[in-house]
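Worksheet for the structure shown next.
Since every read-out is calculated from the coordinates, none of them should be taken as a lab result. Nothing here was measured: the structure is a model prediction, and the numbers come from that model. For neighbour counting, all protein chains shown are included, and Cβ atoms are generated from backbone atoms with ideal geometry for every residue, glycine included.
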Amino acid sequence: SIPLARRTVVIVDDGIATGATMVAACRVARAQRPDLLVVAVPVSAPEAARRVERECDELVCLWTPTDLGGVGMAYSDFHQLDDDEVIALLR
């Protein structure tokens, strides 16, 4: 694994519904003492965003709809990506 100490760490996800998983990820990363811990997501439930903000140095979230029923609801296409599709998109 790559050491996180003295680095800027950016945790990215497709969205935050409850915040539980992201809070856990932040705590694991924070334990390794990064210089800066950033969470970046396109969408989050407002309460979840507030919960995650307390765990990171900066939260970048483009949309916090009050009626987010689930992260998938924010997307017109929310299918499971396989590894080949991700690699093709990154290229």
**Fill in**
Those residues of the range 26-64 that are farther than 19 Å from Pro3 by Cα and in contact with a strand residue (DSSP E or B) (Cβ under 7 Å, 6 or more places away or on another chain) come to a total of 17
**Prompt:** Pick from the range 1-46 the residues that are in a helix (DSSP H, G or I) and of a type outside the set (A, V, I, L, M): which of them is nearest to Leu68 (Cα to Cα)?
**Reply:** Pro46
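The rows are residues; the columns are (1) at positive phi; (2) of a type outside the set (A, V, I, L, M); (3) surrounded by 10 or more Cβ atoms within 10 Å (Cβ to Cβ).
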| site | (1), (2), (3) |
| --- | --- |
| Ala49 | no, no, yes |
| Arg54 | no, yes, yes |
| Asp57 | no, yes, yes |
| Cys61 | no, yes, yes |
| Gly72 | no, yes, yes |
| Asp77 | no, yes, no |
| Leu89 | no, no, no |
**Request:** Scan the range 51-71 for residues that are in a helix (DSSP H, G or I) and without any contact (Cβ under 8 Å) to a residue 12 or more places away in the chain and jot them down.
**Result:** Glu53
**Request:** Check off (1) touching a helix residue (DSSP H, G or I) at 6+ places or on another chain (Cβ under 6 Å); (2) at positive phi for Met22 and give me the number that stays unchecked.
**Result:** (2)
